[in-house]
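Worksheet: the structure to be examined is printed underneath.
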Amino acid sequence: MDFEVPEEIEQVRDEVRRFGENEIEPVATEYDEKEKYPWEVMEKAKEMGMLGASIPVEYGGAGYGPIETAILIEELFAIDPGIALSITSTAFGADSLLGFGTEEQKEEYLEPVASGDAIMGAAISEPDTGSDVSSVSTQAEKDGDEWVINGNKMWITNGTVGDFFVVMCNTDPDAASRYSGFSQIIVESDRDGFKADKITGKMGIRASDTAELIFDDVRVPEENLIGTQGAGFMQLMQFFDETRTMVAAQGVGIAKGAYENALEYAKEREQFGKPIAEFQAIQHKLADMATRTEAARQLTYKSAWSVENSDDQLTALASMAKEYASRVAVDVANEGVQIHGGAGYVNDFPAERFYRDAKITQIYEGTTEIQKNIIAREILGKGF
């Protein structure tokens, strides 16, 4: 059993870390306060080839595998989760195109994302539909050689900055199975009837763009359908294992950032004539933070390995990694604020931002409760 990370992957880690420290860290507070999309940082990330890094080489991407992608995410989120999400989500929804799209769709839509000239998104959640994807009500009806789409999508990453979206639609309301009436359709944001309203006032990841999407008789050509009509739900389910693994990597990154900042502060902050790092109470907190972060990291890396190797325990591992790493992120960020004391309650230090940003990892890509349901189903069915 070899736990050593290959040298070429460690080089990716070092390069990403330097980018984060040089280009993200100095401006993170500004973008967080203003809830502003980091276009300037995105341009620099484009020059570094970080956008759409997991898109295969044949479509212009870096071709990162799951482990490299997880490490890229971890290192960026350890600096600032909001800007990190902006960088790592430019190809959100690409999995469906790669898995089920035509060659023409892949070339038309993935190549500009890989080059940094376009941003995409996945539009699934609705105002009344979150974890229960099978209750999606956005309708797509066939009219000649076009789809006509009506409905609303909520909490959509890249909503006001995206050039196109993979939209989950109900294409057969009378389908016999509650899972067989859905299809994924590509919708460009410059179509008539498409509108995006930016959502502000978020607790965390404030630099990342989030919006409500409104479809009012939006017409797209029939060739914008991804794969087979009615197969959208099953298409989506096939990729949750990978996307949940990557949210676990986000959690590891947040925990790492919160821990490292707390460690540095504890060494410098003096009380009663000595650094607070010399007090056993603080030492125990740091020891627990480091241990739990490493445990989450190893579980996440194993899940990423399972994605790459199509391991039959992947579904359970992905949900385990997502549930545990997100919980560790919240707990470690909480302890980070506690170690900073009053200084952790204001934005003079990153501690309070990690604390706010951590919570979303327990909500998106399936809540903590949903992950526990999946884990229970897997261990009761297949065993583990």
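Please specify each residue of the range 206-234 satisfying the condition of being in a helix (DSSP H, G or I) and among the aliphatic types (A, V, I, L, M).
The answer is 234, and nothing else.
Which one is nearest to residue 206 (Cα to Cα), of the residues in the range 1-22 that are within 20 Å of the chain's Cα centre (by Cα) and of a type outside the set (Lys, Arg)? Walk me through how you get there before you give the answer.
Taking the range 1-22 as the starting set, the residues that turn out to be within 20 Å of the chain's Cα centre (by Cα) are 12-13, 16-17, 19-20.
Okay, now just the ones that are also of a type outside the set (Lys, Arg), so 12, 16, 19-20.
Details: 12: 26, 16: 21, 19: 20, 20: 17 Å.
Per the criteria, the residue is 20.
Could you tell me which numbered condition residue 185 fails, if it satisfies all but one of (1) under 30 Å from residue 36 (Cα atoms); (2) under 18 Å from the mean Cα position of the chain (by Cα); (3) hydrophobic (A, V, I, L, M, F, W, C)?
It fails just one condition, (2).
Quick test of your reading of the structure: residue 36 fulfils all but one of (1) of a type in the set (D, E, K, R); (2) crowded, with 16+ Cβ neighbours inside 10 Å; (3) in contact with a helix residue (DSSP H, G or I) (Cβ under 8 Å, 6 or more places away or on another chain). Name the failing condition by number.
Against the list (1) of a type in the set (D, E, K, R); (2) crowded, with 16+ Cβ neighbours inside 10 Å; (3) in contact with a helix residue (DSSP H, G or I) (Cβ under 8 Å, 6 or more places away or on another chain), residue 36 comes up short only on (2).
Can you tell me how many residues within the range 134-150 are within 12 Å of residue 183 (Cα to Cα), touching a residue at least 40 places away in the same chain (Cβ under 8 Å) and in contact with a Phe, Trp or Tyr (Cβ under 8 Å, 6 or more places away or on another chain)?
Within the range 134-150, residues that are within 12 Å of residue 183 (Cα to Cα), touching a residue at least 40 places away in the same chain (Cβ under 8 Å) and in contact with a Phe, Trp or Tyr (Cβ under 8 Å, 6 or more places away or on another chain) number 5.
Identify the residue in the range 360-375 that is aliphatic (A, V, I, L, M) and either assigned by TED's automatic domain parsing to the domain that holds residue 131 or closer than 17 Å to residue 210 by Cβ (or both) and, among all such residues, is surrounded by the most Cβ atoms within 10 Å (Cβ to Cβ).
Step one: filter the range 360-375 for residues aliphatic (A, V, I, L, M), giving 360, 363, 370, 374-375.
From what is left, the residues that are either assigned by TED's automatic domain parsing to the domain that holds residue 131 or closer than 17 Å to residue 210 by Cβ (or both) are 360, 363.
On the way: 360: 26, 363: 15.
Taking the candidates together, the pick is 360.
Yes or no, residue by residue, for (1) touching a helix residue (DSSP H, G or I) at 6+ places or on another chain (Cβ under 8 Å); (2) surrounded by 19 or more Cβ atoms within 10 Å (Cβ to Cβ); (3) not assigned by TED's automatic domain parsing to the domain that holds residue 135:
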| position | (1), (2), (3) |
| --- | --- |
| 180 | yes, no, no |
| 184 | yes, yes, no |
| 188 | no, no, no |
| 192 | no, no, no |
| 196 | no, yes, no |
| 203 | yes, no, no |
| 208 | yes, yes, no |
| 213 | no, yes, no |
| 218 | no, yes, no |
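Restricting attention to the range 309-318, does a residue exist that is of a type in the set (Ser, Thr, Tyr) and closer than 22 Å to residue 78 by Cα?
The answer is no; no qualifying residue exists.
Which members of the range 284-319 meet the condition of being of a type in the set (Val, Ile, Thr) and farther than 12 Å from residue 255 by Cα?
Matches in the range 284-319: 300, 307, 315.
Out of 349, 354, I need the residue that is closer than 23 Å to residue 246 by Cβ and not acidic (Asp, Glu). Which one?
Details: 349 fails: closer than 23 Å to residue 246 by Cβ.
354 is the lone residue from the list that is closer than 23 Å to residue 246 by Cβ and not acidic (Asp, Glu).
Looking for something under 24 Å from residue 30 (Cα atoms) and not hydrophobic (A, V, I, L, M, F, W, C) - is there at least one such residue anywhere in the range 276-291?
Looking only at the range 276-291, we keep the residues that are under 24 Å from residue 30 (Cα atoms), and these are none.
Checked against the condition, which is being under 24 Å from residue 30 (Cα atoms) and not hydrophobic (A, V, I, L, M, F, W, C), the range 276-291 yields no hits at all.
In the range 342-359, what count of residues is obtained for those that are in contact (Cβ under 8 Å) with a residue 40 or more places away in the chain, surrounded by fewer than 22 Cβ atoms within 10 Å (Cβ to Cβ) and more than 18 Å from residue 249 (Cα to Cα)?
3
Looking for whichever is among the small types (Gly, Ala, Ser), on the phi > 0 side of the Ramachandran plot and out of contact with any Leu (no Cβ under 6 Å at 6 or more places or on another chain) here; the options are 93, 65, 82. Which one fits?
93
The values are calculated or read from the model by the stated rules, or taken from the named source; none is laboratory data. The shown structure was predicted, so the numbers you read here are calculated from the model rather than taken from an experiment. As a convention, Cβ positions derive from the backbone with ideal geometry for all residues, glycine included, and neighbour counts pool all protein chains shown.
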